[in-house]
Each structure stands twice: as C-alpha cells, then as structure tokens.
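Let me begin by presenting the structure, written as structure tokens, before commenting on it.
Rule-based calculations on the coordinates, nothing more; no lab input. Owing to the predicted nature of the structure, the values given are computational and were not obtained by experimental measurement. Methodologically, a virtual Cβ is constructed for each residue, glycine included, from the backbone with ideal geometry; neighbour enumeration extends over all protein chains shown.
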Amino acid sequence: MIGPPIAAVHGNVDSPELRRRLPAELTLEVEGATIGLVHDAGPRRGRLERLARRFPHADAVVFGHSHIPLHEERDGFRIFNPGSPTDRRRQPRHTMGLGTAHDGTVAFDIVALD
C-alpha cells in the first residue's frame with residue numbers, strides 16, 4: 001500500500017462505473033470516532049438534525065455537493081463540508097478541509113487556499 005487508506009462515496013456527477021464501485025454513503029471508525037460520509041446532505045434547513053437521524057451512531061458526518069464550506073456542531077454531533085479546492089460556488093475563496101480523530105473525538109478545520 002502507498003499512503004494511508006482512502007474512503008469515498010460517489011457524487012451526483014460521477015460516471016456510472018464509479019457509482020457502481022463506490023457506495024452512496026459510508027460509516028467509518030477512525031481512532032474511536034464514528035464518521036459518516038455522504039455526498040448530498042439535502043437542503044440547509046434541518047440538515048444537522050436530518051443527518052443525526054440518518055447516521056444515529058455517528059459522532060460526525062462529512063458531506064460535499066454544495067461546495068460551500070460548513071462546520072456545525074450541536075450536542076457533540078458535528079457536520080462538516082470542506083468546500084472545494086476547484087469550484088468555489090459563490091464563495092470568496094477555494095477551500096479544503098482537515099479532519100483529526102483522536103481518542104473517540106473528531107475535530108475539523110476549513111483551510112482557505114487562496
């Protein structure tokens with residue numbers, strides 16, 4: 001193996017071949033933290049609550065689709081969208097995200113690239 005393991009879900013513009021190879025959603029255990037992955041988290045209104053219901057055992061959910069950076073937390077449950085390093089979608093800057101898991105907790109940072 002070269003480098004760390006990579007986990008991914010398919011998105012709405014991925015090819016049929018890639019959609020067959022990658023799941024629509026995924027749950028990972030990382031350093032004692034449970035992290036959900038999904039491409040499209042749905043409308044902004046009620047998103048945190050909806051993702052908490054969809055991933056009831058997760059400590060956090062990472063999603064994309066909108067390309068708009070977001071980090072929300074309520075009662076220890078986090079949702080995170082890193083934004084996009086390539087398509088900033090009406091945002092002032094391109095961004096990416098960093099996630100760190102340690103001893104059952106997870107933290108996220110949005111990193112501005114330009």
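Overview of values
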{"item": "Gly99 vs. criteria out of contact with any Asp or Glu (no Cβ under 7 Å at 6 or more places or on another chain) and in a loop (DSSP other than H, G, I, E, B)", "result": "no"}
{"item": "Filtered residue count, region 57-86, keeping only those that are charged (D, E, K, R) and in contact (Cβ under 8 Å) with a residue 40 or more places away in the chain", "result": "1"}
{"item": "Hits in region 53-82 (condition: hydrophobic (A, V, I, L, M, F, W, C) and in a strand (DSSP E or B))", "result": "Ala60, Val61, Val62, Leu70, Phe77, Ile79, Phe80"}
{"item": "Where a residue in region 92-103 is touching a residue at least 12 places away in the same chain (Cβ under 8 Å) and farther than 17 Å from Ala58 by Cβ and its partner, wherever it lies, is surrounded by 11 or more Cβ atoms within 10 Å (Cβ to Cβ) and among the β-branched types (Val, Ile, Thr), with Cβ under 7 Å and at least six apart", "result": "Thr95/Ile110; Thr95/Val111; Met96/Val111; Leu98/Val111"}
{"item": "Hey, Ala41 among the aliphatic types (A, V, I, L, M), on the phi < 0 side of the Ramachandran plot, in a loop (DSSP other than H, G, I, E, B) and touching a helix residue (DSSP H, G or I) at 6+ places or on another chain (Cβ under 7 Å) or not", "result": "yes"}
{"item": "Only listed residue being farther than 15 Å from Ala8 by Cα, free of Cβ contacts under 8 Å to residues at least 60 places away in the same chain, surrounded by 13 or more Cβ atoms within 10 Å (Cβ to Cβ) and not hydrophobic (A, V, I, L, M, F, W, C), chosen from Arg45, Arg89, Arg54", "result": "Arg54"}
